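Working notes for the structure below.
The values are calculated or read from the model by the stated rules, or taken from the named source; none is laboratory data. Because the structure is a prediction, the values reported are computed rather than measured. Methodologically, a virtual Cβ is constructed for each residue, glycine included, from the backbone with ideal geometry; neighbour enumeration extends over all protein chains shown.
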Amino acid sequence: MGQERGSAMAVYALLVLFSLLLSHSAHAATHIVGDTGGWTFNVAAWPRGKHFRAGDRLLFRYGAGVHNVVAVDRAGYNACATSNGAKVYQSGRDQIKLRKGLNFFICNFAGHCQSGMRIAVNAY
């Protein structure tokens, strides 16, 4: 009887752990960058006043071939520059999962980042 009880407790513990993992995933949100205006010029202030969590997704909507999205580091964000090997998204409907901490994104088409097509998002 003691072994059955131990097995039942192990199953219960696994169910609790599984439900906690599912509830964390269920709380992930999708944020449309730029809201109705989409990923475009002068969107740098868009994250202000919004709350982001690690695991949330950013949805970048824009005209494919007209813009793109590049995940960069702080230096790339400040200089509006991308490094070799940087992941370039260009579908016009890109979803990017936020990692904990600061996340930086720019459009690397000539002059676009300098015209405010960049965001810095802090995910908790």
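If I go through segment 78-99 residue by residue, how many of them are modelled with pLDDT of 95 or more, among the hydroxyl-bearing types (Ser, Thr, Tyr) and in contact with a helix residue (DSSP H, G or I) (Cβ under 8 Å, 6 or more places away or on another chain)?
The total comes to 1.
Check segment 100-108 and report whether any residue there is at pLDDT 95 or above, more than 11 Å from the chain's Cα centre (by Cα) and among the basic types (Lys, Arg).
No, that holds for no residue.
Asn42 - would you say it is touching a residue at least 40 places away in the same chain (Cβ under 8 Å), not in a strand (DSSP E or B) and not β-branched (Val, Ile, Thr)?
yes
Restricting attention to segment 1-59, and to residues there that are of a type in the set (Ser, Thr, Tyr) and either at pLDDT 95 or above or within 15 Å of the chain's Cα centre (by Cα) (or both), which single residue is farthest from Ile106 (Cα to Cα)?
Applying the filter and picking the extreme gives Ser25.
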